[in-house]
There are 2 protein chains.
Amino acid sequence: MPYDPSAFPPFAVTVDLVVLTVRRHALCALAVRRGEPPFQGRWALPGGFVRDDEDLSQAAARELAEETGLRAYGPAAPDQDNGAHLEQLATYGDPKRDPRMRVVSVAHLALAPDLPAPRAGGDASNARWAPVEELLQQGGYGRDGEPVAPLAFDHAQILADGVERARSKIEYSSLATAFCPAEFTVGELRRVYEAVWGVALDPRNFHRKVTGTPGFLVPTGGTTTRQGGRPAQLFRAGGATLLNPPMLRPEV
Amino acid sequence: MPYDPSAFPPFAVTVDLVVLTVRRHALCALAVRRGEPPFQGRWALPGGFVRDDEDLSQAAARELAEETGLRAYGPAAPDQDNGAHLEQLATYGDPKRDPRMRVVSVAHLALAPDLPAPRAGGDASNARWAPVEELLQQGGYGRDGEPVAPLAFDHAQILADGVERARSKIEYSSLATAFCPAEFTVGELRRVYEAVWGVALDPRNFHRKVTGTPGFLVPTGGTTTRQGGRPAQLFRAGGATLLNPPMLRPEV
DNA sequence: AGTGTTTATCGTCAGGAAGACGACTATGAT
DNA sequence: ATCATAGTCGTCTTCCTGACGATAAACACT
């Protein structure tokens, strides 16, 4: 049976990326400045059209590489240097979300360690890491005194959903290690939790919890003193992906 | 700036539904028989094209009503009689998932109480509730001796993802009540958990847990004896949506 | 009426995990 | 030498769970 193009309305399909990292004790997201209407000059999440022969996850990985140079590792691939965790987040398809045409956007969530300098088309002024509270706040002024405009399209909602996903997922999975470099200390991992949740955690109980969970951390044998104070043991992420029992997020 | 249709490839966008219920102590999903190629005669998940002026959740709710007569209540709407919980599950967009054309499907998950007789276009033989293990098993024969063919398209994967979402979500949310009628007993709720997880739970510990979690259940004052044995208190779902601490799923 | 069966509900006890927090260790800075 | 900083090991109490005994209230038999 030949297919009848008039039987369904045509859609444009895009992927948008919520790329999160932890910088200077704050959860930050990658934002790019729009060069063309609509929302010209406003900040938005990176993203682009899905190509004709691409799977959704491929398109997301391609966009991630284009914007950050990060390679994606999915649920099956092992942790790699200079790699980022990538997973599908949710899909947004309000008929009016793009004034030009009917666009359905499959949002993805990427978690990356700190370091990679933003590069969007080689122009650094058009991409930046910004604290998520700054990107999500409505109106007012940012830390640099620049007036804050809301993100383009429905990207504030997408970012909020991505942040919430990350916050809840580090409770019951070892995903927080995706924010850390290949080797890291217990203290660095704790500061990731503190930045993502916005709370302070007891260093002693945290240490007991993460070192006592089998498969979460494997010691590399080395130590480091890069944080000052007593040298700390170095670990890398273990094979475990699910934490049981989970890490408990303190109330309020 | 006028939009350029040649700048992006056109997609068809559909919604597919994983509709789950508990019947006869088994987790069952709604399946419909395909009346046309491809996969003519095979079982598939209900679904259809998203219309030009519809949001994704609207399209999913419409399809759900068409197939089952169930009204959907989302995250914000209160529990209703003859209503079903509906949430977005994930999006599937492999370029080859539909041999006819490029189709991106936004799968949704619906949880409904038992009872509604399937009706797909008024023909009962083209829709049925089937245990999820039966729909997911590869080859072999079903309980009725009929040979089992795999679900059409990638619907086995979608169903598996939906079942896994349901199994994990009743751990930390009060969503299991979506499988129950408006008023239900602790025993009925326990049998929901047992059917979804495929395990046996201790009735005494389960009773202590659910009645001890604030906001999970509110007694209606009535009692019932429809399960035989001593009359049981009737409850309805309370306002709480998140269970803290969660209900623990027994190992293995 | 009595007995058994079924389901519901209450109670007890031991073990594990988490929060609070004291104490000690090993580095760099002053 | 002293202090500040960060890491690591223990202790104690409290809460939650799993295992399981015991009682309660219905129905189905004989």
Legend entry - Where B meets A: accessible area buried, both sides, 1.4 Å probe, Å²: 2500
Inset, instruction - Give the nm distances, rounded to one decimal, from B:Glu36 to the matching residue in every other copy, measuring between label points 7 Å along Cα toward the beta carbon; shortest first. - result: 3.6
Inset, instruction - Compute the separation of the alpha-carbon centres of the stretch B:33-61 and the stretch A:23-49 and state it in Å as a whole number. - result: 35
Legend entry - Copy-to-copy label separations for B:Glu164, where each label sits 7 Å from Cα toward Cβ, in nm and ascending: 2.2
Legend entry - Members of the stretch B:27-67 that become less accessible by 40 Å² or more once partner protein chains are added (1.4 angstrom probe, chain alone as reference): B:Phe49, B:Asp52, B:Asp55, B:Leu56
Inset, instruction - Counting helices only, and only those DSSP H runs with n ≥ 4, report the 222 nm mean residue ellipticity of chain B as the sum of -39,500 (n - 2.57) divided by its residues, in deg cm²/dmol to the nearest 500. - result: -7000 deg cm²/dmol
Inset, instruction - Work out the length of the dipole vector of the stretch B:166-232 about its Cα centre, built from +1 on the beta-carbon of each Lys and Arg and -1 on the beta-carbon of each Asp and Glu, and round it to the nearest 20 debye. - result: 120
Legend entry - Accessible area, probe 1.4 Å, largest first, for residues A:Arg100, B:Arg71, B:Arg62: B:Arg71, A:Arg100, B:Arg62
Inset, instruction - Before anything else, pin down the relative contact order of the stretch A:18-114: Cα pairs under 8 Å, at least 6 apart, normalised by residue count, whole percent. - result: 26
Inset, instruction - Show the residues, 5+ positions off or on another chain, whose built amide H is closer than 5 Å to the amide H of A:Arg71. - result: A:Ala84
Legend entry - Sulfur and carbon atoms: percent of accessible area, chain B [1.4 Å]: 53
Legend entry - Residue-averaged beta-carbon neighbours from other chains (10 angstrom radius) around A:95-108: 3
Legend entry - Average projection area in nm² (convex hull over Cα atoms of the protein assembly as shown, one quarter of hull surface): 27.2
Inset, instruction - Please list, in chain and number order, the residues 5+ apart from B:Asp114 or on another chain whose amide H is under 5 Å from its amide H, with Hs placed from the backbone. - result: B:Val22
Legend entry - Nearest-20 debye value, the protein assembly as shown charge dipole, Cβ charges on Lys, Arg, Asp, Glu: 1500
Inset, instruction - For the stretch B:100-114 and the stretch B:143-190, compute the distance between their C-alpha centroids and round to whole Å. - result: 14
Legend entry - Within 10 Å of each Cβ in B:87-93, the average number of Cβ atoms from other chains: 6
Legend entry - Relative contact order (%) - chain A, alpha-carbon pairs under 8 angstrom, separation at least six: 19
Inset, instruction - With the cut-off at 29 Å, report for chain A the share of all Cα pairs above it, as a whole percent. - result: 34
Inset, instruction - Please determine, in degrees from 0 to 90 and to the nearest 10, the orientation of helix B:186-197 with respect to the longest principal axis defined by the Cα atoms of chain B, where the helix direction is its Cα long axis. - result: 40
Legend entry - Partners for B:Lys169 among lysines (Cα-Cα distance below 17 Å; same-chain residues under 8 apart left out): A:Lys169, B:Lys209
Inset, instruction - Using a 1.4 angstrom probe, figure out how much accessible area the stretch B:175-252 has per residue, in square angstrom, rounded to the nearest whole. - result: 55
Legend entry - Nm distances between copies for B:Asn205, ranked from closest, using label points 7 Å along Cα→Cβ: 2.4
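The values are calculated or read from the model by the stated rules, or taken from the named source; none is laboratory data. Bear in mind that the values here come from a model prediction, so they are computed numbers and not experimental data. Cβ coordinates were reconstructed from backbone atoms using ideal geometry, including for glycine residues, and neighbour counts include every protein chain displayed. Heads up: the accessible areas ignore ligands, DNA and RNA and are worked out on the full protein's heavy atoms, side chains in. Shrake-Rupley method; radii C 1.70, N 1.55, O 1.52, S 1.80 Å.
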